[in-house]
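Let me begin by presenting the structure, written as C-alpha coordinates, before commenting on it.
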Amino acid sequence: MDNFVITISREYGSGGRLIGQALAERLGIDFYDKEMINLLMEESGFTRETIEEWQEKKTSSFLYNLYMSTQERPLSDQIYLAKTKIVNQLADKGSCVIVGNCGDYILRDRDNVLSFFIYAPMEERVKRVREVYGENPDNNPNIVKKRDRQRSDYYNHFTMSRFGDYRNFDACLNTTIGLDLTTDIMEEMVRRVFGGTADEPGK
(Lines give C-alpha, C1' and ligand atoms only; values in the text may rest on other atoms or scores of the structure.)
Protein backbone atom coordinates (compact mmCIF):
# COMPACT_ATOMS: atom_id res chain seq x y z
CA MET A 1 0.00 0.00 0.00
CA ASP A 2 1.49 3.32 -1.07
CA ASN A 3 -0.02 5.44 1.67
CA PHE A 4 -0.35 4.34 5.29
CA VAL A 5 -0.73 6.01 8.67
CA ILE A 6 0.45 4.97 12.13
CA THR A 7 -1.37 6.49 15.10
CA ILE A 8 0.05 6.33 18.60
CA SER A 9 -1.97 7.01 21.73
CA ARG A 10 -0.04 6.84 24.97
CA GLU A 11 0.09 7.25 28.69
CA TYR A 12 2.11 10.24 29.80
CA GLY A 13 5.74 9.29 30.30
CA SER A 14 5.43 5.92 28.55
CA GLY A 15 7.78 6.98 25.75
CA GLY A 16 5.15 7.02 23.01
CA ARG A 17 6.39 10.22 21.43
CA LEU A 18 10.01 8.99 21.38
CA ILE A 19 8.91 5.70 19.85
CA GLY A 20 6.80 7.45 17.23
CA GLN A 21 9.69 9.66 16.21
CA ALA A 22 12.08 6.72 15.95
CA LEU A 23 9.55 4.68 13.99
CA ALA A 24 8.98 7.50 11.50
CA GLU A 25 12.73 7.84 10.98
CA ARG A 26 13.13 4.12 10.35
CA LEU A 27 10.27 4.08 7.86
CA GLY A 28 11.29 7.32 6.20
CA ILE A 29 7.89 8.95 6.68
CA ASP A 30 6.61 12.17 8.24
CA PHE A 31 6.14 12.55 11.98
CA TYR A 32 3.54 14.75 13.67
CA ASP A 33 3.29 15.53 17.37
CA LYS A 34 4.16 19.01 18.59
CA GLU A 35 4.15 20.12 14.95
CA MET A 36 0.38 19.93 15.21
CA ILE A 37 0.33 23.20 17.14
CA ASN A 38 1.72 25.15 14.18
CA LEU A 39 -0.80 23.52 11.87
CA LEU A 40 -3.62 24.33 14.28
CA MET A 41 -2.48 27.95 14.43
CA GLU A 42 -2.69 28.17 10.64
CA GLU A 43 -6.06 26.43 10.45
CA SER A 44 -7.84 28.09 13.38
CA GLY A 45 -6.17 31.48 13.60
CA PHE A 46 -5.69 31.04 17.36
CA THR A 47 -2.45 31.91 19.10
CA ARG A 48 0.00 29.28 20.28
CA GLU A 49 -0.85 30.09 23.89
CA THR A 50 -4.57 29.55 23.31
CA ILE A 51 -4.04 26.22 21.55
CA GLU A 52 -1.59 24.95 24.17
CA GLU A 53 -4.10 25.82 26.89
CA TRP A 54 -7.18 24.35 25.26
CA GLN A 55 -6.15 21.52 22.95
CA GLU A 56 -6.30 18.90 25.71
CA LYS A 57 -9.13 20.44 27.69
CA LYS A 58 -12.81 19.72 27.59
CA THR A 59 -15.32 22.43 28.37
CA SER A 60 -16.74 21.63 31.79
CA SER A 61 -17.28 24.90 33.65
CA PHE A 62 -20.98 25.70 34.12
CA LEU A 63 -20.32 29.45 34.08
CA TYR A 64 -18.17 29.10 30.97
CA ASN A 65 -20.85 27.07 29.22
CA LEU A 66 -23.48 29.60 30.25
CA TYR A 67 -21.41 32.42 28.81
CA MET A 68 -20.56 30.56 25.62
CA SER A 69 -24.22 29.65 25.03
CA THR A 70 -24.67 33.17 23.72
CA GLN A 71 -21.43 33.09 21.78
CA GLU A 72 -19.87 30.79 19.19
CA ARG A 73 -18.60 27.26 19.82
CA PRO A 74 -16.35 26.79 22.89
CA LEU A 75 -12.64 27.16 22.17
CA SER A 76 -11.98 23.50 22.90
CA ASP A 77 -14.63 22.48 20.36
CA GLN A 78 -13.24 24.81 17.71
CA ILE A 79 -9.73 23.45 18.23
CA TYR A 80 -10.93 19.84 18.09
CA LEU A 81 -12.79 20.48 14.83
CA ALA A 82 -9.67 22.08 13.36
CA LYS A 83 -7.62 19.14 14.61
CA THR A 84 -10.00 16.67 12.95
CA LYS A 85 -9.62 18.47 9.63
CA ILE A 86 -5.83 18.58 9.89
CA VAL A 87 -5.43 14.91 10.86
CA ASN A 88 -7.50 13.86 7.86
CA GLN A 89 -5.48 16.15 5.59
CA LEU A 90 -2.21 14.67 6.86
CA ALA A 91 -3.53 11.14 6.28
CA ASP A 92 -4.49 12.10 2.72
CA LYS A 93 -1.15 13.79 2.10
CA GLY A 94 1.07 10.74 2.59
CA SER A 95 2.42 8.10 4.93
CA CYS A 96 3.07 9.40 8.42
CA VAL A 97 3.12 8.76 12.16
CA ILE A 98 0.64 10.79 14.22
CA VAL A 99 1.09 10.87 17.99
CA GLY A 100 -1.92 11.71 20.14
CA ASN A 101 -4.48 14.20 18.85
CA CYS A 102 -7.20 11.52 18.90
CA GLY A 103 -5.70 10.21 15.67
CA ASP A 104 -6.86 6.64 16.24
CA TYR A 105 -10.47 7.82 16.57
CA ILE A 106 -10.45 10.41 13.80
CA LEU A 107 -9.02 7.90 11.30
CA ARG A 108 -10.90 4.86 12.63
CA ASP A 109 -12.82 4.21 9.38
CA ARG A 110 -9.74 4.08 7.15
CA ASP A 111 -8.27 0.73 6.17
CA ASN A 112 -4.71 2.06 5.76
CA VAL A 113 -4.19 2.84 9.44
CA LEU A 114 -2.45 0.92 12.23
CA SER A 115 -3.24 2.21 15.71
CA PHE A 116 -1.09 1.56 18.78
CA PHE A 117 -1.53 2.28 22.47
CA ILE A 118 1.67 2.65 24.50
CA TYR A 119 1.71 2.23 28.27
CA ALA A 120 4.11 1.50 31.14
CA PRO A 121 4.15 1.07 34.94
CA MET A 122 3.85 4.28 36.91
CA GLU A 123 7.33 4.12 38.43
CA GLU A 124 8.93 3.86 34.98
CA ARG A 125 6.89 6.74 33.67
CA VAL A 126 7.73 8.97 36.62
CA LYS A 127 11.41 8.21 36.12
CA ARG A 128 11.27 8.94 32.37
CA VAL A 129 9.41 12.20 32.90
CA ARG A 130 12.20 13.33 35.23
CA GLU A 131 15.29 11.94 33.52
CA VAL A 132 14.32 12.17 29.84
CA TYR A 133 11.66 14.87 29.64
CA GLY A 134 13.39 17.06 32.25
CA GLU A 135 10.19 17.53 34.25
CA ASN A 136 8.94 16.51 37.68
CA PRO A 137 12.21 16.84 39.65
CA ASP A 138 10.49 15.63 42.82
CA ASN A 139 9.40 12.32 41.28
CA ASN A 140 5.79 13.14 42.09
CA PRO A 141 3.47 10.51 40.56
CA ASN A 142 0.53 12.89 40.93
CA ILE A 143 1.94 15.04 38.12
CA VAL A 144 1.90 12.03 35.80
CA LYS A 145 -1.57 11.02 36.97
CA LYS A 146 -2.83 14.56 36.32
CA ARG A 147 -1.60 14.52 32.72
CA ASP A 148 -3.11 11.06 32.22
CA ARG A 149 -6.42 12.33 33.55
CA GLN A 150 -6.35 15.37 31.25
CA ARG A 151 -5.73 13.19 28.21
CA SER A 152 -8.35 10.68 29.25
CA ASP A 153 -11.00 13.32 29.97
CA TYR A 154 -10.33 15.07 26.66
CA TYR A 155 -10.40 11.87 24.62
CA ASN A 156 -13.53 10.55 26.31
CA HIS A 157 -15.29 13.91 25.88
CA PHE A 158 -14.68 14.31 22.16
CA THR A 159 -14.86 10.72 20.93
CA MET A 160 -17.27 7.82 21.17
CA SER A 161 -14.59 5.70 22.84
CA ARG A 162 -12.71 5.33 26.11
CA PHE A 163 -9.08 6.34 26.41
CA GLY A 164 -6.79 3.31 26.48
CA ASP A 165 -9.51 0.78 25.62
CA TYR A 166 -7.62 -2.07 23.92
CA ARG A 167 -10.54 -2.64 21.53
CA ASN A 168 -9.74 0.64 19.79
CA PHE A 169 -6.21 -0.39 18.80
CA ASP A 170 -4.41 -2.90 16.65
CA ALA A 171 -1.86 -3.46 19.42
CA CYS A 172 -1.17 -2.28 22.96
CA LEU A 173 2.48 -2.38 24.04
CA ASN A 174 4.12 -2.09 27.45
CA THR A 175 7.43 -0.23 27.14
CA THR A 176 8.88 -2.11 30.09
CA ILE A 177 10.57 -4.21 27.40
CA GLY A 178 12.45 -1.09 26.29
CA LEU A 179 11.76 1.65 23.78
CA ASP A 180 14.01 0.14 21.10
CA LEU A 181 12.39 -3.29 21.28
CA THR A 182 8.93 -1.72 21.32
CA THR A 183 9.85 0.22 18.19
CA ASP A 184 11.21 -3.00 16.60
CA ILE A 185 7.89 -4.76 17.19
CA MET A 186 5.87 -1.88 15.77
CA GLU A 187 8.12 -1.58 12.74
CA GLU A 188 7.79 -5.28 12.03
CA MET A 189 4.01 -5.04 12.24
CA VAL A 190 3.94 -2.08 9.89
CA ARG A 191 6.12 -3.80 7.30
CA ARG A 192 4.17 -7.05 7.47
CA VAL A 193 0.81 -5.29 7.16
CA PHE A 194 1.72 -2.70 4.54
CA GLY A 195 4.69 -4.36 2.85
CA GLY A 196 7.87 -2.64 1.79
CA THR A 197 11.56 -2.77 2.51
CA ALA A 198 13.72 -0.63 4.74
CA ASP A 199 14.29 1.76 1.85
CA GLU A 200 10.78 1.72 0.43
CA PRO A 201 8.17 1.32 3.17
CA GLY A 202 4.66 0.75 1.88
CA LYS A 203 5.81 0.03 -1.69
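Worth a mention:
- Search result, residues across region 158-172 that are surrounded by 15 or more Cβ atoms within 10 Å (Cβ to Cβ) and part of a loop (DSSP other than H, G, I, E, B): 159, 161, 163, 164, 169, 170
- Residue within region 142-157 that is in contact (Cβ under 8 Å) with a residue 60 or more places away in the chain, within 14 Å of residue 23 (Cβ to Cβ) and either basic (Lys, Arg) or buried (at least 20 other Cβ atoms within 10 Å of the Cβ) (or both) present: no
- The selection criterion, being surrounded by 13 or more Cβ atoms within 10 Å (Cβ to Cβ), at pLDDT 85 or above and not in a loop (DSSP other than H, G, I, E, B), does not hold for residue 77.
- The set of residues in region 99-111 being at negative phi, open to solvent by 20 Å² or more (accessible area, probe 1.4 Å) and part of a loop (DSSP other than H, G, I, E, B) consists of 108, 109, 110, 111.
- Flag for residue 125 being crowded, with 20+ Cβ neighbours inside 10 Å, in contact with a helix residue (DSSP H, G or I) (Cβ under 9 Å, 6 or more places away or on another chain) and of a type outside the set (Gly, Ala, Ser): yes
The values are calculated or read from the model by the stated rules, or taken from the named source; none is laboratory data. Every value quoted in this text rests on a predicted model; they were computed, and no experiment measured them. All Cβ positions, even for glycine, are placed from backbone atoms using ideal geometry, and neighbour counts span all protein chains on display. We work out accessible area using only protein heavy atoms, side chains counted, and drop any ligands, DNA or RNA first. Shrake-Rupley method; radii C 1.70, N 1.55, O 1.52, S 1.80 Å.
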